[in-house]
Amino acid sequence: MDFNVKKFASDAGVFFTRAVQFTEEKLGQAEKTELDAHFENLMSRADCTKHWTEKIYRQTEVLLQPNPSARIEEFLYEKLDRKAPCRITNGELLGQYMQDAAKEFGPGTPYGSTLMEVGDCERRLGAAEREFFQTSAISFLTPLRNFLEGDWRTISKERRLLENLRLDLDACKTRVKKAKVAEAKAAMAPDFQETRPRNYVLSASASAVRRQLCLTKQNWTFKGLLKYPCYNSYFSLLLLLYALASQLWSEEVEKAEHELRVAQTEFDRQAEVTRLLLEGISSTHVNHLRCLHEFVEAQAAYYKQCHFHMQELQKELARLPNAFALNSTHSIATAGSASEGISSPVETDTLKIEEVQAPATGTRKAKVLYDYDAADSSELSLLADELITVYTVPGMDSDWLIGERGNQKGKVPVTYLELLS
């Protein structure tokens, strides 16, 4: 392995400088470069997008696959770049068990024939569920995961780089400030009254040098001091040391200012790159909005298929000769339809609710299970746990009944009711 000691030492020095700058900022001992308000808003919006996208993604995964073991298995297959085995849904498994039971009990028996029909419906529901899962995973989950594992990682990487460059920039500012303070101290003319030895009298040449240096600082260089014949005296040595310190600090200031300009340029360039990535969050929202619409459409199509399959199942069960009816009103409606040779029920929308009269017999009490808001004037709004009177009329859809509550009357859905004996 090629190990570069110089590079390692340089990286360690940079890390230590950043750590010192970060610590001093936290302690309030160093200034911090603040980003503009627009940039801060972009970062806050990006963090909010990441937070809620992650939550929505995780919960959608739970919705589509409630079994955590199955989710872990799918994750492992995905990381190993292998195709996950096809797994039947719970509905399909239930339908298979029902059909196997029907074969054991005998398909010709009422229970066996009903199990066969219900099992077939459950298998169709399970197939529709699997199709919904696959469609949702492709159209909704995949774009969310691509954002979290792709775009967001890029944004996070660039933000970390920007933060490191900001620490470097602030460290350079601190270094320039300290260098200028030290240069100002070194540039001050020395006080020979305090620096000379006790009972030591300045020579004429040294006094002349001191007066000259106090008046101008143009000679605070080695070459300038060497013009004086007394350069080898004690005070000339002090002057040389002061000149050396002043020159060194001047060079340090120039070096620090150069590093500051370089750090400022790198910081500005990285800030612009990060800003462009953060502004791309708006495009991400547009893309996720489109995916959300596709998810809703897939869900609506799934529930529509389920409703269709359940309606077909109810019709099949009604045709069975010895099928058990859930309530007498459905049986009456079905029998009336068969005896009159009606091929399809009359649309309930053609019924005029105000003209419907309660029959002399056949009315029942029903308990409302859930709240229901009427979709139009022909329906009756319901409140959970209240009792109403219900009955059916010839030609009415078996999924609906006529409900009465005092002087109010209208259609009510059977699934929201518990018929009482």
Nearest-10 value in Å² for the accessible area of D376, using the 1.4 Å probe: 70 Å²
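At 1.4 Å probe radius, can you tell me the per residue accessible area of the range 45-141 in Å²?
On the way: 6180 Å² over 97 residues.
Per residue, the range 45-141 has 64 Å² of solvent-accessible surface.
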Partners for K180 among aspartates and glutamates (Cα-Cα distance below 16 Å; same-chain residues under 8 apart left out): D170, E251, E252, E254, E257, E259
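Provide the FRET efficiency to the nearest 0.05 for the T109-K83 pair, computing r from the beta carbons and using R0 = 30 Å. Walk me through the intermediate numbers first.
Working: r = 42 Å, r/R0 = 1.41.
Once the sixth-power term is evaluated, E becomes 0.10.
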Cβ-Cβ FRET estimate between I138 and T361, R0 fixed at 56 Å, reported to 0.05: 0.50
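Report the gain in length on full extension from L369 to E40: 0.36 nm times residue separation, minus Cα-Cα distance, nm rounded to one decimal.
On the way: separation 329, 0.36 × 329 = 118.44 nm, distance 5.08 nm.
Extra length from L369 to E40 when fully extended: 113.4 nm.
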Area accessible to solvent at L148, 1.4 Å probe radius, in Å²: 30 Å²
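Would you rank M116, M43 by solvent-accessible area, highest first, keeping every protein chain in place and using a 1.4 Å probe? Please list the in-between numbers first.
Details: M116 55, M43 30 Å².
Of M116, M43, the descending order of accessible area is M116, M43.
How would T265, T415, T274 rank on accessible area, largest to smallest, probe 1.4 Å? Each step should come with its number before you reach the end.
Working: T265 80, T415 105, T274 0 Å².
Largest accessible area first, the list is T415, T265, T274.
Kindly state, to the nearest 0.05, the FRET efficiency for Q59 paired with S377, given R0 = 30 Å and r defined as their beta-carbon distance. Write down the numbers at each step before the final one.
Working: r = 39 Å, r/R0 = 1.29.
Plugging the Cβ-Cβ distance into 1/(1 + (r/R0)^6) gives 0.20.
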Note, ³J(HN,Hα) from phi for the range 289-295, Karplus 6.51, -1.76, 1.60, rounded to Hz, x at Gly and Pro: 5, 4, 5, 5, 4, 5, 5
Positive-end extreme of charge dipole, the range 1-119 - chosen from Y97, V20, P68 (charges on Cβ): V20
Accessible-area value, L42, 1.4 Å probe, nucleic acids and ligands omitted, Å²: 20 Å²
For the range 58-67, 3J(HN,Hα) per residue [Karplus equation, 6.51 cos²θ - 1.76 cosθ + 1.60, θ = phi - 60°, Hz, x = Gly/Pro]: 5, 6, 5, 4, 5, 5, 7, 9, x, 7
Apportionment of accessible area to carbon and sulfur, the range 37-77, percent (1.4 Å): 59 percent
Cross-link pairs beyond the 28 Å C-alpha cut-off, checked among K83/K304; K50/K177; K55/K367; K79/K157; K103/K304; K304/K411: K83/K304; K50/K177; K55/K367; K103/K304
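The values are calculated or read from the model by the stated rules, or taken from the named source; none is laboratory data. What you see is a predicted model; the values in this text were computed from it and never measured. Glycine also receives a Cβ, built like all others from the backbone with ideal geometry; neighbour counts cover every protein chain displayed. Surface accessibility is based on the protein's heavy atoms, side chains included, excluding ligands, DNA and RNA. Shrake-Rupley method; radii C 1.70, N 1.55, O 1.52, S 1.80 Å.
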